[in-house]
Amino acid sequence: MAQEVNIGSQVDVKKSANVPLSFTGTIEKLYANAALLSIDSFDAADAEIVEDLKHKTVINYKNMKQNGKAVEPPKPDDAK
């Protein structure tokens, strides 16, 4: 079962075809299909990539895990 994430949630991201490095990050802003993450913990070999990204990146929710479980985007507000 997927876990809903919020601003301040810490997530793990694994390197894949769509993601250039593996890291642990904190959600700073939520979007419909992705979130802005600060890159907190990463492999020393990826330091140059992290510096190029200014320690922030936008990642799709499908590429994130929290406590080893998939995450789901927050439900949109019903505000009109």
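The numbers here are math on the coordinates, done by the rules we state, and not lab data. Only a predicted model underlies this, so the values are computations on that prediction, with no experimental measurement involved. Here Cβ is always computed from backbone atoms with ideal geometry, including for glycine, and neighbour counts include all displayed protein chains.
Numbers for the structure displayed
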| read-out | value |
| --- | --- |
| Of THR26, ASN6, SER38, farthest towards positive along the dipole that unit charges on Lys, Arg, Asp, Glu beta carbons give the range 3-72 | ASN6 |
| Globularity ratio of the chain, using Cα Rg and 2.2 N^0.38 Å | 1.09 |
| Cα point-scatterer Debye curve for the range 39-80, base-10 log of I(q)/I(0) at q = 0.21, 0.33 Å⁻¹ | -0.83, -1.09 |
| Karplus (6.51, -1.76, 1.60) ³J(HN,Hα), θ = phi - 60°, over the range 40-46, in Hz, Gly and Pro reported as x | 9, 9, 8, 6, 4, 5, 9 |
| For the chain, size of Cβ-based charge dipole, Lys and Arg +1, Asp and Glu -1, in debye | 280 |
| Residues with amide H under 5 Å from that of LYS56, placed H, sequence gap 5 or more | ILE39 |
